[in-house]
Each structure stands twice: as structure tokens, then as C-alpha cells.
């Protein structure tokens, strides 16, 4: 059984493997790891080989004479002192170079993205373009990127394994992560610092595309949300529900969520183009009308501990006005129209 489990664990492909880097930083860290790994293999083979030789060659024999008693061997002692020092020096130089390279400022023209960790979702702001989105990071291949990272509450840790490295996000402090994506594709990661009951549900997704595809994505994100006069009757009903001030205000969609030009909430994810995202609830479920309705009906069933209220308005100590199934359907249809 142990062998079967071991073999299963070695099967690929590995969507979150640090050994398949797709950024300059990830490649640098991978090269450093493998250099240190092979040095360790050489040391292991030499030390264990010498140990086995001594065990076999100088093992006690019932009829053997007592071995010659010696004390110290100057040349051997010098050798096993200098050899580790030499190996450490060979490792230290490239390690320090990698640290300096990673800590260097981003290249001129780098794409700056402000990352904020929330319980339990990621907020991404692109100051250069005026784009605000959540959980799904979009990057152009070949362009340097600088992530400026902080937290809105507890400590989080942004980790996308194939990008290399991870960074802690702490309130009141901004950490940086600089890299250049060198491969197009979709890559996944998650929070790597325990941050509460839904820590395991705090996922992320990064999409690296060509510059042209990235420019098209930016254009779609900076466009106004779907015009109201193009909505269906059901979607228009959902818009009215979204914009209705309910009592208490904490049960109003617009109290927490922003839609460009329509509402200005800041507590929850920006929903201006939520219909264009591939996932919901921090990457937990596919973005479709059925899953969106399930989320509106009872978000805590999907992501325990979430601050968003149930569709029926229930929350401990908070008497609120709930939503009917028809209203949930209309809201889901409206949010799906925001592309």
C-alpha cells in the first residue's frame, strides 16, 4: 500500500509544481535549488560511502587481533574541515546573487499590480489602466511585473508555485514580488498562510497571454458595464434588486460591492465585469447562473465564515430582509450579464 501511494504521488502533470517554473524568478530559484540538491547528493554519497566502508572494513572479528590504536589524523581533519567550507562558499555565492536579483527594483516599464488579501479572496488593482478585479490575475507574457502586496485584515501568503516564491501580506505593510512571465497559460495557486476557517478555500488563478490578448482584456475591463437598455426583463429586475437600499443597509448589495458608475461599495469584490470571470467565490466554483444562484442563496455553505449574508437574510444577531427564489434568480441573471 505504501508503494502504491508513493507511486501515485509521483504521477504528473503537476499544475502547482515549483519544478516547472514559468517566470524568471521561478527559474532562478529552481536553478539554485538543483545546484544545492546535487551538492547535497555528492556529500551524502561520500559520507555514507565512507561510513559503510568503515563498518565493513573495520568490523569486529571474534578471532581478529586488536587494531592499532591511533589518535588523530592531521591531514584528514584538515580535509573534512576545508571541504565543507569550500562547498558552503560555492553555494553562498549564487544564493546571494539570487537574493540580490530577486530584491532588485522592477525594470522600467514593469506592470505594477496592487494585491490585497481579504478573508478569503484576492483583490487586484492595475493603477496603469484603472482596472479592479478579484481572484483572477491577468498578465502579458514577456513583460516585467511588480506585485505590491498588502492585507486588509490578517496575514495571508500569496503563493502561485509555478511563478516561484511566495510573499506574506500584512496589514500596514507593503511587500513586493518581481518577475517576468515567460510562458502563456493558466496557472493556479492559493493562500499559504493559515488565515481563518476558509483558508483552504482562498484560491487564485493567473492567466498569462500575449500582449495583444492582454490589451483586449484590459479594454473589456475598462469598458462600461452592460448598458441597462440592453438587459432582459429578468436582468433588469436583478439590477433593481442590486440597487435597492434594503434595511439594514448591510443587506444591500450596493453597500459592499462596486459596479462602475452604478454602486461604490468597497468591502466585497468589484463586480463591474463579474460575468466575464471563469470562477466564483475565490476560485471555488465555476461561474454560471446555477452556481451564482447557489452562492447568493447560502454563501457560507460554499465558503464557511464568509461575511456575505445568506439569501434569506439570516445572520446571527442581524434581523434582515431576505430574498425570494425569484429574486435570487433575477440577481444571478443580472450579475451574469456584467461582462
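At a glance:
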{"quantity": "Percentage relative contact order, segment 111-222, counting C-alpha pairs under 8 Å, at least six apart", "calculated": "29 percent"}
{"quantity": "Exposure proxy order (Cβ contacts within 10 Å, fewest to most) of 267, 51", "calculated": "51, 267"}
{"quantity": "Between segment 35-56 and segment 111-183, the Cα center-to-center distance that results, in Å", "calculated": "42 Å"}
{"quantity": "With Cα atoms, 0 to 90° folded angle of helix 24-57 axis to the chain main axis", "calculated": "30 degrees"}
{"quantity": "On Cα atoms only, tilt of 233-243 relative to the major axis of the chain in degrees", "calculated": "70 degrees"}
{"quantity": "Helix-derived mean residue ellipticity, 222 nm - over the chain, DSSP H n ≥ 4, -39500 (n - 2.57), to 500", "calculated": "-12000 deg cm²/dmol"}
{"quantity": "Contact order normalised by residue count of the chain, Cα under 8 Å, 6+ apart, percent", "calculated": "15 percent"}
{"quantity": "Share antiparallel - DSSP beta bridges, segment 111-222, percent rounded to 5", "calculated": "70 percent"}
{"quantity": "Bridge type composition, the chain - antiparallel percent by DSSP, nearest 5", "calculated": "70 percent"}
{"quantity": "Helix axis angle, 211-222 relative to the chain longest principal axis, alpha carbon, degrees", "calculated": "40 degrees"}
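A short reminder: the numbers here are calculations on the coordinates, not readings from a lab. In this text, all values refer to a predicted model and were calculated from it rather than measured experimentally. In this analysis, Cβ positions are derived from the backbone assuming ideal geometry, glycine residues included, and neighbour counts consider all displayed protein chains.
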